[in-house]
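**Student:** Just dropping this structure here.
Throughout, read-outs are computed from the coordinates displayed, never taken from laboratory work. Since we're looking at a predicted model, the values are computed, not measured. Every residue, glycine as well, gets a Cβ built from its backbone with ideal geometry; the counts of neighbours run over all protein chains shown.
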Amino acid sequence: MTPSMKTATLHPPFGPEFEAVVPELYTGIDLQIKQSQPYSTDYLVAGFLLRETNGKLLGRVALYNNPALYLEGRKVIALGAYECVDDPFACRTLLDAALAYVHTYLPHVIIVGPMDGSSWQTYRYVTEGYELGPFLFEPFAKSYYPKQWQQAGFSPVMKYVSNLAHIDESHRSDHTMEQARYEKEGLVFRNLDIEHPAAELRRMAKFNGIAFQSAFLFSAISESDFVEKNRRMMGFLSPDLVHVVLDGKDICGMILAYPDKLDPSGKTAVVKTLARLSGERYRGLGDLLCAKIVGTLLDQGYDKMIHALMRADNASVVNSSRFWGEPYKKYALFSCIDP
C-alpha cells in the first residue's frame, strides 16, 4: 500500500461498513472477544472510515462529545471505536482526519482516547503485558495501537495497572470479629441478589455513582442506562463471588469478582470492583471485603486473582499489594490538545 491509496472519509458510524472493519482485522478467538465488546453509540457525533481506493476497509474511528467531560477546566472530546491496520501512514491519515474535524467542530479542546464516550464504556489500551493474553472483560485491541497513537501526537494522560495474586490456604484469614463489629453497627453482609437482578442493579447504580464520582473523567450515568449496560454481565456472575454490604436499604461497600472464562485452567478470578463509601463508619471495610473474597475464592478452588484495571496512582494499588498482588499488566489512556 502507498500513501496515495488510502483515504479517510467522514461516515455515519452505523451500519455494515463501520461494523465490517473488525472482521477485516481480527480472526478466530480474537474476533470473538472483539465482537463481545461492541462500540458505544452514546454521545457519538461522527465517524471516519479509512479505505484503499479499491474499497478495502483499513480502519475506523468515532468521535464522542460527552457534555460532562472536562479536564483542568477544558472541554474533552473522546475518540473511540478505533481500529486500524498495522501501518503508520494509515493510522496518521485516519487520526489526522478525525483531529481536523474536531478542530472545525469544537476547537481548543483536549482530545482523549481510546474512550467510547465515557469511562462506563470501553477505554484504555494495554501498554505492557499484552503477550499474557486478555482476561474476560479486559479492554481488547491490537498490541500496536498505543504506538500508533503516540506516533500521531498523543501521550499518556492517565495510567492504569492490573495486578496478579497467587493465593493458597496460607492467605486465608479469620475476619469474624471484624464483621461482627460492623454488624453491631447495623451493617448487613450478603452476597449478590441474583434472584432480583433489576433491583440489585438499581442499588449498584446508586452506589457506583457515589463511590466513583471522583474517578478520572467521571460522568454520571442514569439508573436505567446502568441497568441496561450491566444486565448482560449478571449472567457471568456467581453470587458467591460478589460480597455486598448494606447500610439500611443502600449499598455502602462491595467487592465484585467473576471467573476468568478466558483462562483454560479455570482457576483465575477477576476482581473488577472494590469500593466503599467514604466516612469513618465504613473505615476498614475494604480490607474486610478483600479478606472475605480471598476466603471465598479458596473455597471454590481458585488459586489466582487479578486485581483489575486500577488507576496507577490510586490507593487501590497499595491495597492490592497488601493482598499479594504483583505487577501484571499496564494500560494507558492517551490525550492531545487541539490548539
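**Student:** What does the C-alpha gyration tensor say about the overall shape of segment 168-302? Classify as rounded when a/c is under 1.5, otherwise prolate if a/b is larger than b/c, or oblate.
**Tutor:** Oblate.
**Student:** Right, here's the next one. Do the sum for the chain: with -39,500 (n - 2.57) for every DSSP H run of n ≥ 4, divided by all residues, what is the mean residue ellipticity at 222 nm, to the nearest 500 deg cm²/dmol?
**Tutor:** -9000 deg cm²/dmol, from helical runs alone.
**Student:** To continue, here is another question. Can you list residues from other chains, or at least 5 along the same chain, whose modelled amide H is less than 5 Å from the amide H of residue 45?
**Tutor:** The answer is 63, 64, 65.
**Student:** Moving on to the next point. If you wrap a convex hull around the Cα atoms of the chain, how much volume per residue is inside, in Å³?
**Tutor:** Hull volume normalised by residue count: 138 Å³.
**Student:** Going by average Cβ neighbours within 10 Å, how do the peptides 105-115, 192-202 rank, with the highest at the top?
**Tutor:** Ranked from most to least packed, the peptides come out as 105-115, 192-202.
**Student:** Same structure again: Which shape class applies to segment 1-63: rounded if a/c is under 1.5, otherwise prolate when a/b exceeds b/c and oblate if not, where a ≥ b ≥ c are the square roots of the Cα gyration tensor eigenvalues?
**Tutor:** oblate
**Student:** Which of rounded, prolate, oblate describes segment 3-159, given a ≥ b ≥ c as roots of the alpha-carbon gyration tensor eigenvalues and a/c under 1.5 marking rounded, otherwise prolate only if a/b is larger than b/c?
**Tutor:** It comes out rounded by the Cα gyration axes.
**Student:** Would you please give the residues with an amide H less than 5 Å from that of residue 252, counting only those at least 5 places away or on a separate chain, with H modeled from the backbone geometry?
**Tutor:** 245, 246, 247
**Student:** Starting from the 7 Å offset along Cα-to-Cβ, what nm value, one decimal, do you get for the label separation of residue 42 and residue 231?
**Tutor:** So the label points at residue 42 and residue 231 sit 1.5 nm apart.
**Student:** Would you be so kind as to identify all helices of the chain, as entire DSSP H runs, whose Cα atoms reach 15 Å or more along the helix's own axis and whose mean Kyte-Doolittle hydropathy is at least 0.0?
**Tutor:** Counting only whole DSSP H runs, the qualifying helices are 88-105, 285-299.
**Student:** Using Cα pairs under 8 angstrom and six or more residues apart, how large is the relative contact order of the chain, in percent?
**Tutor:** 21 percent.
**Student:** OK, next. Between residue 53 and residue 189, what is 0.36 nm times their sequence separation minus the Cα-Cα distance? Round to one decimal in nm.
**Tutor:** 42.9 nm
**Student:** Another one. Place the peptides 124-131, 244-251 in order of packing, highest mean first, counting for every residue the other Cβ atoms within 10 Å and averaging per peptide.
**Tutor:** Result, highest mean Cβ count within 10 Å first: 124-131, 244-251.
**Student:** When the chain is modelled as a GNM with alpha-carbon springs shorter than 10 Å, which of 39, 123, 282 fluctuates the most?
**Tutor:** 282
**Student:** Can you work out the Karplus-derived ³J(HN,Hα) for every residue in segment 81-87? Use 6.51 cos²θ - 1.76 cosθ + 1.60 with θ = phi - 60°, whole Hz, and x for glycine or proline.
**Tutor:** 6, 7, 9, 7, 5, 7, 8
**Student:** Counting DSSP beta bridges in segment 1-115, what percent are antiparallel, to the nearest 5?
**Tutor:** 85
**Student:** Can you tell me what share of the DSSP beta bridges in the chain is antiparallel? A percent to the nearest 5 is fine.
**Tutor:** 90
**Student:** Which whole-number percentage describes the relative contact order of segment 168-302, with Cα contacts under 8 Å and a sequence gap of 6 or more?
**Tutor:** Relative contact order for segment 168-302 comes out at 27 percent.
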